[in-house]
Amino acid sequence: MLTRTGNNAPIVPNWMDRRQATAYLAFRGQFANGLPNGALAPDEAETLALLRWVRCNHSPNNPRRPEFPFFALRFPASNAYQLQIPQLEGLDVSVKDESTNPSRTHKSRMAWEVLLFHMNMLEQKLSGRIESVPGMSIISAGSTALALADAF
């Protein structure tokens, strides 16, 4: 999901095209320069810069610039198909196709929300409201684990 262009080069998500990567790297540089020295660990700063960039360039409330899925923005995030069931005449029945999500399940949305929660914790650490980001443990052998691994 993330790639480096050199040994000490910043991480650039591989879903970004060249234009987005250039804009992100400029944003990231400004963000890093504005951080108080030692306020965040390098990996925390990297994560917060990326999540802030996505939130600045995409919106949870604007279908023309949706924030999810962040790697291939579209609204709605997954397609819904109307089903015609004669026995249920008068009822609208739809099926959402979650196979377009990274984990191929609806858990990708949950993983995005976990990332936003993590971003909130990093923001609180940066502002001095908390000293460290609390650890999180989720036990899963299924789609939740896959979606979280893909997101992080």
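The values are calculated or read from the model by the stated rules, or taken from the named source; none is laboratory data. Since this is a predicted model, take the numbers as computed values, not measurements. Cβ placement follows ideal geometry from the backbone for every residue including glycine, while neighbour counts extend to all protein chains displayed.
Looking only at residues that are crowded, with 17+ Cβ neighbours inside 10 Å and either modelled with pLDDT of 90 or more or in contact with a strand residue (DSSP E or B) (Cβ under 7 Å, 6 or more places away or on another chain) (or both) in segment 12-24, which one is farthest from Leu122 (Cα to Cα)?
Applying the filter and picking the extreme gives Ala21.
Residues are listed down the side, and each one gets a yes or a no for (1) of a type in the set (A, V, I, L, M); (2) in contact with a strand residue (DSSP E or B) (Cβ under 7 Å, 6 or more places away or on another chain); (3) at pLDDT 80 or above:
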site	(1), (2), (3)
Pro60	no, no, no
Pro69	no, no, no
Ile85	yes, yes, yes
Pro102	no, no, no
Val114	yes, no, yes
Which residues, counting only those in segment 108-152, are without any contact (Cβ under 8 Å) to a residue 24 or more places away in the chain and buried (at least 16 other Cβ atoms within 10 Å of the Cβ)?
-> Met121
Hits in segment 97-107 (condition: in contact (Cβ under 8 Å) with a residue 24 or more places away in the chain and among the hydroxyl-bearing types (Ser, Thr, Tyr)) | Thr100, Ser103, Thr105
So Glu89 fits all but one of (1) at negative phi; (2) touching a helix residue (DSSP H, G or I) at 6+ places or on another chain (Cβ under 9 Å); what number is the exception?
-> (2)
Could you give every pair whose Cβ atoms fall below 6 Å, whose first residue belongs to segment 46-57 and is modelled with pLDDT of 85 or more, and whose second residue is in a helix (DSSP H, G or I) and of a type in the set (Phe, Trp, Tyr), counting only separations of at least 6 or pairs across chains?
-> Ala49/Phe31; Trp53/Tyr24; Trp53/Phe27
Within segment 84-103, count every residue that is part of a strand (DSSP E or B) and in contact with a Ser or Thr (Cβ under 7 Å, 6 or more places away or on another chain).
-> 2
Residue check for Leu40: over 20 Å from Ala23 (Cα atoms), of a type in the set (A, V, I, L, M) and either surrounded by fewer than 17 Cβ atoms within 10 Å (Cβ to Cβ) or modelled with pLDDT of 70 or more (or both) = yes
